[in-house]
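Peer 1: Here it is: the structure, laid out below.
The values are calculated or read from the model by the stated rules, or taken from the named source; none is laboratory data. Because the structure is predicted, anything quoted here is derived from the model rather than measured. Every residue, glycine as well, gets a Cβ built from its backbone with ideal geometry; the counts of neighbours run over all protein chains shown.
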């Protein structure tokens, strides 16, 4: 008894204010994720106080279950692999070679991400619909194609994988870019000095050094790939593809009574996949022994591509045109014409839809609310994620993984399911948050905390332990070490995570469809209203306005993240960038 009491007193004495604050914060975030989910998920599986597995049996009895899972796996898997290759390649070219073109190459992969997925999907439908897509109308005479079809069909396997890919690339690009900026380039310099070529150095040194970032990007792509609803809802039906996220929404919103149990059971399949990827990423973070941020600043010497630089730069510009300018151009064209048809009368272009959108008070309120929620949610989420990541890294294996799982796993279920849980949990007594911006902020933080913690996990994994150890040996407490050493060194990765959260929250549609309304209008809900009314012109104008507004926020953050990553401000006096 005495020894147990002594151990308890020793453990209690070892607790610091930082650890207590971090633990309480982690518990709060875990409760925020688990409590609403439990209200909506547990009920269908309990009848009369007893466990009822009927929803699972109903899910397994669906005749097209195998087709549904196969289609989803192919689309998410193929787009994930393609995005990993493209995003990592663009990050490496931008961070390690002389192909960089300043802010242009910082922004090129991010522009599609600034456009809400539903608007992007509609933009590509406007462009590449087999019959009346603007791009097909332009290509048929040039290619000598007769008839009213082709040559491109966005409503196909390759079309939906392509659109998925361009929405996944920004996750990879931002996380891997931050990882490359955080990595000490001395090992790469030594490899090239020893005679290794640039691609061998990339394979043997650079990629292993950013393994935590690659793992974080893979986990984010799994989350977003399985959770995307707008893109498959617009493109998949005409392609004859069954996608899991669309089926879940149909079970919840277009079936009476809602088949919540079957929808949750389908999401359990997603949770199994996420569990595997999360476990692999956790093992990768724990076993990573590659170069991180050291005590000396070093600026990498760009690899000279020689004659290859011009064609590579041309490919980067072509990527910008293909993934960003074209869909934005399609939305702009339909907003200027006022309607979508298989011909364009250039003499009748006008700004009526733009003026109507700018003067619409509901749209103005929605835009302001979304930007405010984006800034607030991203700031709260990233700062909380940074504290939790440090806590998880220092805690025991079992405790750390339990905290990590409590925060990350609930949002793997459909955001629509969790949004219903937030209505049940916070709309009535004692909170009475229904119809307010507060319920949206809580939901956004909870739903997107996995992205924030994944980005912060990758950032903290690249901070060399000797730096924080040196700070503590010098007499600094954990809170001061976190504020003066850890947080500044994590800044590039955290800023990348902030930008991801800001854009995702500002353009959120899934949770907004349930939690927003006339009293707390946001852009996602407004886009759904306009889309339901078939007003493509106004939808295009709103999407372009949101893209411009988010760009004005994300671009300065991207510039500052690069400046910090290049050593523009060091937490150590006398350190040279």
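Peer 1: Can you confirm whether the stretch 312-319 contains a residue that is modelled with pLDDT of 80 or more, surrounded by 15 or more Cβ atoms within 10 Å (Cβ to Cβ) and not in a helix (DSSP H, G or I)?
Peer 2: No; the residues of the stretch 312-319 include none that is modelled with pLDDT of 80 or more, surrounded by 15 or more Cβ atoms within 10 Å (Cβ to Cβ) and not in a helix (DSSP H, G or I).
Peer 1: Checking the condition assigned to a loop (DSSP other than H, G, I, E, B) and touching a helix residue (DSSP H, G or I) at 6+ places or on another chain (Cβ under 9 Å), which residue from 521, 529 passes? First the steps, then the outcome.
Peer 2: Details: 529 fails: assigned to a loop (DSSP other than H, G, I, E, B).
Exactly one of 521, 529 is assigned to a loop (DSSP other than H, G, I, E, B) and touching a helix residue (DSSP H, G or I) at 6+ places or on another chain (Cβ under 9 Å), namely 521.
Peer 1: So for the stretch 360-383 (the condition being crowded, with 17+ Cβ neighbours inside 10 Å, modelled with pLDDT under 85 and part of a helix (DSSP H, G or I)), does at least one residue qualify?
Peer 2: Checked the stretch 360-383: no residue is crowded, with 17+ Cβ neighbours inside 10 Å, modelled with pLDDT under 85 and part of a helix (DSSP H, G or I).
Peer 1: With the stretch 153-231 as the region, which helices (runs of 4 or more DSSP H) entirely inside it contain at least 1 residues that are modelled with pLDDT of 75 or more and buried (at least 18 other Cβ atoms within 10 Å of the Cβ)? Talk me through it step by step, then tell me what you get.
Peer 2: Working: elements: 157-182, 186-193, 198-201, 211-227.
Correct list: 157-182, 211-227.
Peer 1: Right, next: Just wondering, is there one or more residues in the stretch 545-561 that are over 29 Å from residue 458 (Cβ atoms) and at pLDDT 85 or above?
Peer 2: There is at least one residue in the stretch 545-561 that is over 29 Å from residue 458 (Cβ atoms) and at pLDDT 85 or above.
Peer 1: Evaluate the following for residue 499: is it in contact (Cβ under 8 Å) with a residue 60 or more places away in the chain and crowded, with 24+ Cβ neighbours inside 10 Å?
Peer 2: yes
Peer 1: Just wondering, is there one or more residues in the stretch 113-133 that are out of contact with any strand residue (DSSP E or B) (no Cβ under 8 Å at 6 or more places or on another chain), surrounded by 24 or more Cβ atoms within 10 Å (Cβ to Cβ) and under 28 Å from residue 208 (Cβ atoms)?
Peer 2: Yes: one or more hits.
Peer 1: If you scan the stretch 75-85, which residues turn out to be surrounded by fewer than 21 Cβ atoms within 10 Å (Cβ to Cβ) and either touching a residue at least 40 places away in the same chain (Cβ under 8 Å) or under 17 Å from residue 272 (Cβ atoms) (or both)?
Peer 2: 77, 78, 82, 84 - these are the residues of the stretch 75-85 that are surrounded by fewer than 21 Cβ atoms within 10 Å (Cβ to Cβ) and either touching a residue at least 40 places away in the same chain (Cβ under 8 Å) or under 17 Å from residue 272 (Cβ atoms) (or both).
Peer 1: Assigned to a helix (DSSP H, G or I) and modelled with pLDDT of 85 or more - does that describe any residue in the stretch 100-113? Spell out how you get there, then give the answer.
Peer 2: Pass one, the stretch 100-113, residues assigned to a helix (DSSP H, G or I): 103-113.
Going one step further and asking which of them are modelled with pLDDT of 85 or more, we end up with none.
No, because not a single residue in the stretch 100-113 is assigned to a helix (DSSP H, G or I) and modelled with pLDDT of 85 or more.
Peer 1: Related question: Any residue in the stretch 330-346 that is in contact with a helix residue (DSSP H, G or I) (Cβ under 8 Å, 6 or more places away or on another chain), part of a helix (DSSP H, G or I) and farther than 26 Å from residue 124 by Cβ?
Peer 2: No, every residue in the stretch 330-346 fails to be in contact with a helix residue (DSSP H, G or I) (Cβ under 8 Å, 6 or more places away or on another chain), part of a helix (DSSP H, G or I) and farther than 26 Å from residue 124 by Cβ.
Peer 1: Does the stretch 114-131 hold any residues that are outside any helix (DSSP H, G or I) and at pLDDT 80 or above, and which are they?
Peer 2: If the condition is that a residue be outside any helix (DSSP H, G or I) and at pLDDT 80 or above, then 129, 130, 131 are the ones that fit.
Peer 1: Residues that are touching a helix residue (DSSP H, G or I) at 6+ places or on another chain (Cβ under 9 Å) and modelled with pLDDT of 75 or more: does the stretch 292-303 have at least one?
Peer 2: Among the residues of the stretch 292-303, at least one is touching a helix residue (DSSP H, G or I) at 6+ places or on another chain (Cβ under 9 Å) and modelled with pLDDT of 75 or more, which makes the answer yes.
Condition check ((1) assigned to a helix (DSSP H, G or I); (2) over 17 Å from residue 442 (Cα atoms); (3) at pLDDT below 55) across all residues:
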residue	(1), (2), (3)
5	yes, yes, no
10	yes, yes, yes
13	yes, yes, yes
21	yes, yes, no
26	yes, no, no
30	yes, no, no
33	yes, no, no
38	yes, no, no
44	yes, yes, no
